[in-house]
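The values are calculated or read from the model by the stated rules, or taken from the named source; none is laboratory data. Just so it is clear, the structure is predicted and the values come from calculations on it, not from any experiment. Every residue, glycine as well, gets a Cβ built from its backbone with ideal geometry; the counts of neighbours run over all protein chains shown. The accessibility values were calculated without ligands, DNA or RNA, using every heavy atom of the protein model including side chains. Shrake-Rupley method; radii C 1.70, N 1.55, O 1.52, S 1.80 Å.
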Amino acid sequence: MTAQKVRWGILGPGGIAATFAADLPLVPGAELAAVGSRSAETAAAFAERFGFARAHDSYVDLAADPDVDVVYIATPHAFHAEAALLCIEAGKHVLVEKPITLDLLTAAEVIAAARDKGVFLMEAMWMRLNPAIRKIAELVEEGAIGWVSAIHADFGLQGPFGAEHRLRDPKLGGGALLDLGVYPINLVHLILGAPASVQAWAHLTPERVDENTGVLLGYEPGAVAAITCSINGESRNNATITGTDGRIELPSGFFVPRSFRLHRAGKEPETFEFPFEGSGYQFEAAEVQRAILAGEQESPLMPHATTLEIMTLLDTIREEIGVVY
């Protein structure tokens, strides 16, 4: 790795990997080095499509590639841990798509392995690296809306999804919670931290994954957060952060916002605009590169402790709603 360039590999060239790869050229110093797939044909087609230098027909070969510095893992949830541990053992820095694993125990294992090996590891919760979200966190910290009393956020996709779809497959970590609920949960955690109380209810599919889920989180000294996620109907997909002196409203697509509105008591609403190219994945890639070049093993914007707290919360919710992977 040179002083300026960071050489990227992509493991699992599916849909989310394609979006990430399309944004990588927007990051100064990002070099598209290699792609790894279980299919030589798939790897070659992906590499040609996005301009990666090499294609590998196995994850092992990608992990062993001496000209790759960091690997973005974009397989389905259930395979994140295995792929991450493979790359970590090979000495690669790793960015793992959210959720980092299916449960807390496995997440802790991956984080411990990265620490022991001395490599960088981050969960790819791209929302927390979005410039609008970072500005919101800054405004809240400054007291722009006073004490935060409530957060409401929802994320729903238009269904129905067939029984064969990955979102209904418990072997792949299916259900609304891990795919969609992680976004409102991360937003709430960013503002309020870990809750004191968790209450959850869900309707499950015949495969026993959640298709319509509600979560109520309680905080000391009295804040509440109401979260819904579903794979059987497209909701407004927005969010509101309410405080004693005002509120912040995020529009539809709150997980990748380019704007938000700040309402302060007795004042005209303010609109904050954050236009950017691409889909918004470049911000997490840029943070990964910054941290790697600085010799850091984790990002202060998405640290290991945050990942573990989120996984603890997800495990608690799954226990309440009866989803087992």
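Considering Ala90, Ala63, Ala83, which residue is open to solvent by 10 Å² or more (accessible area, probe 1.4 Å) and either at pLDDT 95 or above or of a type in the set (D, E, K, R) (or both)? Before you say what the answer is, go through the steps one by one.
Values: Ala63 fails: open to solvent by 10 Å² or more (accessible area, probe 1.4 Å); Ala83 fails: open to solvent by 10 Å² or more (accessible area, probe 1.4 Å).
Exactly one of Ala90, Ala63, Ala83 is open to solvent by 10 Å² or more (accessible area, probe 1.4 Å) and either at pLDDT 95 or above or of a type in the set (D, E, K, R) (or both), namely Ala90.
Contact map, segment 190-211: residues that are at positive phi paired with residues that are open to solvent by 80 Å² or more (accessible area, probe 1.4 Å) and assigned to a helix (DSSP H, G or I), Cβ distance under 8 Å, separation 6+ or inter-chain. Pairs shown: Gly193/Glu309. The listed residues are Glu319, Glu296, Glu270, Glu309, and the only one of them that is modelled with pLDDT of 95 or more, within 15 Å of the chain's Cα centre (by Cα) and not hydrophobic (A, V, I, L, M, F, W, C) turns out to be Glu309. The combined condition, being assigned to a helix (DSSP H, G or I), of a type outside the set (Ser, Thr, Tyr) and either out of contact with any strand residue (DSSP E or B) (no Cβ under 6 Å at 6 or more places or on another chain) or more than 18 Å from Glu284 (Cα to Cα) (or both), is not fulfilled by Ile136. All of (1) over 28 Å from Glu89 (Cβ atoms); (2) in contact (Cβ under 8 Å) with a residue 24 or more places away in the chain; (3) outside any helix (DSSP H, G or I) hold for Leu102 with one exception: (1). Screening the candidates Ser279, Ser299 for the property of being open to solvent by less than 40 Å² (accessible area, probe 1.4 Å), under 30 Å from Val70 (Cβ atoms), in contact (Cβ under 8 Å) with a residue 60 or more places away in the chain and touching a helix residue (DSSP H, G or I) at 6+ places or on another chain (Cβ under 7 Å) yields one hit, Ser299. Which members of segment 66-80 meet the condition of being open to solvent by 10 Å² or more (accessible area, probe 1.4 Å), part of a loop (DSSP other than H, G, I, E, B) and in contact (Cβ under 8 Å) with a residue 12 or more places away in the chain? Matches in segment 66-80: Asp67, Asp69, Ala74, Thr75, Pro76. Of the residues making up segment 106-136, those that are touching a residue at least 24 places away in the same chain (Cβ under 8 Å), under 23 Å from Gly193 (Cα atoms) and more than 17 Å from the chain's Cα centre (by Cα) are Glu109, Lys135, Ile136.
One line per residue, one yes/no per condition, for (1) in contact with a Leu (Cβ under 9 Å, 6 or more places away or on another chain); (2) surrounded by fewer than 24 Cβ atoms within 10 Å (Cβ to Cβ); (3) among the acidic types (Asp, Glu):
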{"position": "Asp179", "(1), (2), (3)": "yes, yes, yes"}
{"position": "Leu192", "(1), (2), (3)": "yes, yes, no"}
{"position": "Ala196", "(1), (2), (3)": "yes, yes, no"}
{"position": "Glu207", "(1), (2), (3)": "no, yes, yes"}
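In the set (1) of a type in the set (Gly, Ala, Ser); (2) surrounded by fewer than 16 Cβ atoms within 10 Å (Cβ to Cβ); (3) closer than 24 Å to Phe161 by Cβ, Gly214 fails one condition alone, (2).
Among the residues of segment 197-222, the ones that are in a loop (DSSP other than H, G, I, E, B) and closer than 20 Å to Ala78 by Cα come to 5 in all. Here Asn186 fits the description: open to solvent by less than 10 Å² (accessible area, probe 1.4 Å), within 30 Å of Phe79 (Cα to Cα) and of a type outside the set (Val, Ile, Thr). Here Val119 meets each of (1) assigned to a loop (DSSP other than H, G, I, E, B); (2) in contact with a helix residue (DSSP H, G or I) (Cβ under 8 Å, 6 or more places away or on another chain); (3) open to solvent by 40 Å² or more (accessible area, probe 1.4 Å) with one exception, condition (3).
Residues in segment 281-325 that are of a type in the set (A, V, I, L, M), within 21 Å of Trp8 (Cα to Cα) and not in a loop (DSSP other than H, G, I, E, B): Ala285, Ala286, Val288, Ala291, Ile292, Leu293, Met302.
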